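Structure record follows, encoded as structure tokens.
The values are calculated or read from the model by the stated rules, or taken from the named source; none is laboratory data. Please read all numbers here as calculations on a predicted model, not as lab measurements. Counting neighbours? That spans all protein chains shown, and the Cβs are built from the backbone with ideal geometry, glycine included. Accessible surface areas use protein heavy atoms only, side chains included; no ligands, DNA or RNA. Shrake-Rupley method; radii C 1.70, N 1.55, O 1.52, S 1.80 Å.
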Amino acid sequence: MLNKRATEVYALGQHISMSAHKARRVIDQIRGRSYEETLMILELMPYRACYPIFKLVYSAAANASSNLGSNEANLVISKAAVNQGTIMKRFKHRARGRSFAIQKPTCHITIVMKDISFDEYIDTDSITWSQKAKRKKKDTTMSYYDMYSNGGTWDKK
């Protein structure tokens, strides 16, 4: 039997104050590239959208090393999406008591990174019956002393 292994991690940046169109211009350049190549591209591009995207890519790589234990050299940006966020509406005061509406757009950026060194599926048939029994026995074994040795969990606030 094959079980699906988690090989993807993501970082999500919400309510970033720039238009989605300007962020998509940068995201289209980095989609499908490796982690190290992406960092070099983002450092050298002259757009204002590069810095928040750089932080998100760096955060997704930190999530991958923390959650999956993967190496940064094996990471690839598999998905990158920019969605339109809420629009902040402000008024600028004009002459003769009039006002002018200003719309400040925001966007939500999602970066999904995949580790290419992992297999996507785990073959559980290759595990022998004795290994499954040991694993099951290890997981279900509880002793009275371990449960109450710290004085109980209800005493702490």
Inset, instruction - Kindly indicate whether any position in segment 97-114 is aromatic (Phe, Trp, Tyr), closer than 30 Å to residue 10 by Cβ and modelled with pLDDT of 55 or more. - result: no
Inset, instruction - From the list 42, 12, pick out the single residue that is surrounded by 13 or more Cβ atoms within 10 Å (Cβ to Cβ), in contact with a Leu (Cβ under 9 Å, 6 or more places away or on another chain) and not polar (S, T, N, Q). - result: 12
Legend entry - Residue in segment 17-37 that is farthest from residue 62 (Cα to Cα), counting only those that are in contact (Cβ under 8 Å) with a residue 60 or more places away in the chain and of a type in the set (Gly, Ala, Ser): 19
Inset, instruction - For residue 36, indicate whether it is of a type in the set (Asp, Glu), within 23 Å of residue 20 (Cβ to Cβ) and part of a helix (DSSP H, G or I). - result: no
Inset, instruction - Check off (1) more than 22 Å from residue 83 (Cα to Cα); (2) open to solvent by less than 60 Å² (accessible area, probe 1.4 Å); (3) more than 17 Å from the chain's Cα centre (by Cα) for residue 18 and give me the number that stays unchecked. - result: (1)
Inset, instruction - Within segment 56-68, identify whether any single residue is within 22 Å of residue 17 (Cβ to Cβ) and exposed (fewer than 10 other Cβ atoms within 10 Å of the Cβ), and answer yes or no. - result: no
Legend entry - Pair list, Cβ under 8 Å, 6 or more apart: segment 88-116 residue closer than 30 Å to residue 34 by Cβ and open to solvent by 60 Å² or more (accessible area, probe 1.4 Å), other residue polar (S, T, N, Q) and not in a strand (DSSP E or B): 114/7; 116/74
Inset, instruction - May I ask you to list pairs of residues, at least six apart or on different chains, whose Cβ atoms are under 7 Å apart, with the first in segment 54-76 being assigned to a helix (DSSP H, G or I) and the second being of a type in the set (Phe, Trp, Tyr) and open to solvent by 40 Å² or more (accessible area, probe 1.4 Å)? - result: 60/10
